[in-house]
1. Would you mind calculating the gained length between Asp90 and Ser325 on full extension (0.36 nm times residue separation, minus the Cα-Cα distance), in nm to one decimal?
2. Given R₀ = 35 Å, FRET efficiency for Glu189-Asp406 by Cβ-Cβ distance, to 0.05?
3. Within region 280-364, report the trypsin sites (Lys or Arg not before Pro) that DSSP leaves as loop and that have at most 14 other Cβ atoms within 10 Å.
4. Can you give me the long-range amide H partners of Val249? Hydrogens built in the peptide plane at 1.01 Å from N, cutoff under 5 Å, separation of 5 or more residues or another chain.
5. Which trypsin sites (Lys or Arg not before Pro) in region 443-498 pass both tests, a DSSP loop state and at most 11 other beta-carbon atoms within 10 Å?
6. Testing the spin-label approximation: label points 7 Å from Cα along Cα→Cβ at Ala367 and Ser41. State their distance in nm.
7. Which trypsin sites (Lys or Arg not before Pro) from region 412-445 combine a DSSP loop assignment with at most 10 other Cβ atoms within 10 Å?
8. Of the DSSP beta bridges with both residues in the chain, give the percent that are antiparallel, rounding to the nearest 5.
Amino acid sequence: MRKPTFFLILLLLSVAGIAAGEPPGREDLQRRVEADYGKVSGLWEHHEYAEAVKILEGLAALPGLDELGNARSTILYNLGCGYSLLGETDRALDALRGAVDAGYSDAEGLRNDPDLEPVRSDPRFASLLEQAKAEQRRWDSPVFRAPYRENLSEDDKIAGLARVWAEVKYGFVHFGRVPRLDWDRVCFEALPEVRASRSTADYYRVLKKICARLEDGHTTVHVPDELFSRMYSRPAIETRRIDGRVYVVGVLDDALSEQGVRPGLEILGVDGVPVEEYARTRVAPYHSASSPQGAEAGTYTYYLLCGDAGTNVDLDLRDEAGAVSSVSLPRSFHRVQSFREPYAFRVIPGGIGYLAVNTFGNRALVAAFDSLFTAVGETDALVIDLRRNAGGDGDVAYALLGHLTDEPFKTVQGKVRRYDPFHRTRGRAQDWMKLPPMDWPPADGGWYSKPVAVLIGSRTGSAAEDFCAAFAAMKRGPLIGSATAGTTGQPLTFPLPGGGTGLVCVYHATAPDGSEFIGTGIQPTVPVRTSIEDVRAGRDPGLEAALRILRD
C-alpha cells in the first residue's frame, strides 16, 4: 500500500463516504472523505485486506475523482496492492494498469513495494513498470543528474537554471506575495552570471540568489554534498541580532571559552568588513526567507559566519566596557542548526516539565513522544520549547500535539495551483484546488490534560509552525515569545546538475480557520523580548514568563 505523506493524505481524505450517482461538488468530495479512508488505513495495519479492498472498490467507483488531483491513481494503486495480497493477480494488474494510466509514475514504489511481491513475476508487471518509468522520465529526466565536478559544463549549468525556472513557474504558490517580480526576466538576466561562473560553488550561489528573490523560505536550492562543508561550516558559537546590533549569544566549544569568547560580546566586523555591510552584501542575498524576522534569523544566526571548513573567520569584538579586540575562530562546526539533540526533557523545581523539541525532521521522535509522555504525565504543567525548531515533517509535529488532547483537532489547511493549458488559450492559465483542514486523531494511551505553554521565536518554522497553528486553534495554552518565521508548506524537490537539489513551495498553507501567517509569522499571545542584558546575565525571559503563567 502506498503510505501517503501528510499532504497526499489531505487529497485522499477528500474522496470517501459518497455514494455513486450524481457527481458531487469538489468541496463535498473533500469534506466527506475522512471516515472511509481512515478505515482503510486501520484495516491495512491489521492485515484485514479483504475488508479494505471493499472500501477501496467503493472509492474507485466514486464520480468526480478526477477533480481531486492524484486521488484516482493512488486509490487504484492501493486497490492493486490489496488484490495482490489476496492472490487475485488479474484484478491486481488491472487496477495497477488503471493507476499508471491515470498518472501514477512512482516506478521505485512499483519495484519495491512488498505488497506487490505476489504479482511482480507476472510478465504484465514488467510492462507496467516500463510505462511508469517513461512517465517518471517525463518529469525527472536523467539529463539533470550530471555528476559533481568542481566546475560543471556550461550546458549543465544552463540546464539546471532552466529546471529551476520551469519548476518555479508552474508550481510555486506564492507569486501573489511578490506581484512585481518578473520571474522570466529574473532567470533570463541570470544567464550571464551562470555562464561567467568559474566553479560549481559559484554556480550554486547564482541559483540561490535568484531563488531568494521569490521571498519564500521553502523555495531555495541546496548545494551538492561535496560543497556543504566548504560553504556552510562555521565557528562553534551562536550569534544573534538584538536591537540592531550583532552579538555572540552562545559558545558551543569549551576551547573557545578558554580564549575569552563568551555570550554578550558584540561583533563589530567580520574579516575586516563592518558586520552590517558583510551581512547585507555577502550573506542576505543568498538566503531565502518569507518574513523580515525569518530573514534576520537566517542572515545573522544561521549563515553569518559560514564558509570553508579549512579556514578561520576573523571577528572584531567589543565587550561590555567598550574594549575592542580581535579573534580568529576556526570554522569547525559543521551544522547550520546548533542543537545537539533532537529533543530534551527535564523537570523544573515545582513540578513543571520542560520539553525542548529542536526538530520535527526525525520520524523516530513519534515513538520517543509515546514513551516520553509517561514521565511528562507526572508533571503538574508543561513547557514545550520550539524556539530552535526549524521544522521537518508535519506528521511528527501532529503526533506530539496528539498527546495534548483527547479529541481530534484541526490541522493547517491550504491550496495548490492547478495549471490548465487549455484554459490558458482563453486567458486563464490556472485555478486553485483547496485542501481543507484534516481532523487529526489524538494519540493512543491517554493524554496530557494539564496546563501547557509553548515557546516560539523567529527560528520556529515550517512543521513547527503547523504545530503552533493547530495548538492555537485548540486554545490549549499560550504561545510565548516572538513571531515565528512565517514559512511553511510542502516543497517539491528535484535534482540539479552536480548533485544539488531544488525546492519549490507548492502548497499554500493557512491556519485551521483559514487565516494567513505566511510572510508574517504566528504571533505570540504573550510577547516576550530578550535583551542583551538577559543574554549576559544568563536569563531566559521567555521561559521565565512561561513558568510564571503556568504557576499562576
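Here, each number is a calculation from the coordinates, and none is a lab measurement. Just so it is clear, the structure is predicted and the values come from calculations on it, not from any experiment. We place every Cβ from the backbone using ideal geometry, glycine too, and count neighbours over all the protein chains shown.
1. Values: separation 235, 0.36 × 235 = 84.60 nm, distance 7.75 nm.
Once the chain is fully extended between Asp90 and Ser325, it gains 76.8 nm.
2. Working: r = 56 Å, r/R0 = 1.60.
E(calc), rounded to 0.05, equals 0.05.
3. Values: sites: Arg280, Arg282, Arg318, Arg331, Arg335, Arg340, Arg346, Arg363; in loops: Arg331, Arg335, Arg340, Arg363.
Those satisfying the criteria are Arg335, Arg340, Arg363.
4. Counting only residues 5 or more places away or on other chains, the set is Glu238, Thr239, Arg240, Gly264.
5. Details: sites: Arg459, Lys475, Arg476; in loops: Arg459, Lys475, Arg476.
Of the trypsin sites (Lys or Arg not before Pro), the ones in loops of region 443-498 whose Cβ has at most 11 other Cβ atoms within 10 Å are Lys475.
6. Between Ala367 and Ser41, the simple spin-label model gives 1.9 nm.
7. On the way: sites: Lys415, Arg417, Arg418, Arg424, Arg426, Arg428, Lys434; in loops: Arg426, Arg428.
Hits after loop and neighbour filter: Arg426, Arg428.
8. Within the chain, antiparallel bridges account for around 75 percent of the total.
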